[in-house]
1. So if each residue of separation counts as 0.36 nm, and I subtract the Cα-Cα distance between D114 and T23, what length gain in nm does that give?
2. Using modelled amide H (1.01 Å from N, peptide plane; none on Pro or chain starts), what sits under 5 Å from the amide H of T111, excluding residues fewer than 5 places away?
3. Sorted from fewest to most neighbouring beta carbons within 10 Å, what does the list L144, L110, L79, L101 look like?
4. Listed highest first by mean packing, meaning other Cβ atoms within 10 Å per residue, what order do 83-89, 153-159, 124-130 come in?
5. May I ask which residue of A94, G115, S138 lies farthest towards the positive end of the charge dipole of the range 21-155, with charges of +1 (Lys, Arg) and -1 (Asp, Glu) on Cβ and the Cα centre as origin?
6. Using the beta-carbon distance between H150 and R196 and R0 = 45 Å, what value does 1/(1 + (r/R0)^6) give for FRET efficiency, to the nearest 0.05?
7. Nothing charged except the Cβ atoms of Lys and Arg (+1) and of Asp and Glu (-1): what's the magnitude of the dipole of the chain about its Cα centre? Round to the nearest 20 debye.
8. Once the principal axes of the Cα atoms of the chain are found, what is the range along each, listed largest first in whole angstroms?
Amino acid sequence: MQPTTPPAGHRDETPAARREWTTRHAVQATARRTAALVNALVDKAPSADTVTEVLREHGEDGPIELSADDLAELRSAALRLREVFAADDTDRAAETLNRLLRSTAGTLRLTSHDGASPWHPHLDSADDAPWGEWFLASSSLSLLVLLWNHQRPPGGVCASPACRNVYLTLGSGPPRRYCSRRCATRERVAAYRRARG
Ligand SMILES: [Zn+2]
C-alpha cells in the first residue's frame, strides 16, 4: 500500500515532518481539536483571537477569519458536541452522536484540499463550508470513529465542580474522571481537607 505522500512544493523529507504532515488529520488529532475547541467555546463569550489560537495549535494553517456569526455558530456547535461528552454511557453517547450526524449538511467524502493536506474524510457540505458547520461535522465524525473503535464513550466532562472541561478517553487503562492532573490533585486535596473537618 502506498502511503500518502506530501505533494511537490509541500514536501519536507525529514521523517518527523512527514509524520506530522500525515497524522495532522488523523482521528485522534481531530478529536483533540474537538475537545480543545469545545472547552474554548463553551464557557463564556469566546474571542476570535482565542479560537484562532486553538485552531492554529491544532494544525489549521489556512487563513482564519472569524466573524461574530462564525463565533456564534461555532459556540452553538460546541454546546451540542458537549452533550456527547456529557453522556453517561456508550448507548447515550451513540444516540447523541446519531442526532448530531443527522443534522450535518453533507455526505461523507474524502478530500485533500487540492493536495494541501493528506486525504481525510469530510461530512460538511463543501470544503469551504462555514466554520460552525465544519466544526460540527468534523467533530461528530471523529467522535464516531472513537466510539466505534473502543466501544465506549469518546470522552467525558471533568468531575471537578470548579472546572467542567471536557476530555477524551484515548488510551486504555482505568476510566478517568478529571480533565487533567491539575484538577485531580485539586479535588484530592479538597477531599482530604473535608475528611479532616
Ligand atoms: Zn478539570
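No lab work stands behind these numbers, since they all come straight from the coordinates. Just so you know, these numbers come straight off a predicted model, no measurement behind them. Counting neighbours? That spans all protein chains shown, and the Cβs are built from the backbone with ideal geometry, glycine included.
1. 31.0 nm is the gain from fully extending D114 to T23.
2. Amide H to amide H, under 5 Å and 5 or more residues apart or across chains, T111 pairs with H120, H122.
3. Fewest to most other Cβ atoms nearby, the residues stand as L110, L79, L101, L144.
4. The peptides rank, most packed first, as 153-159, 83-89, 124-130.
5. Farthest towards the positive pole: A94.
6. That pair, H150 with R196, gives E of 0.70.
7. 1500
8. 66, 39, 35
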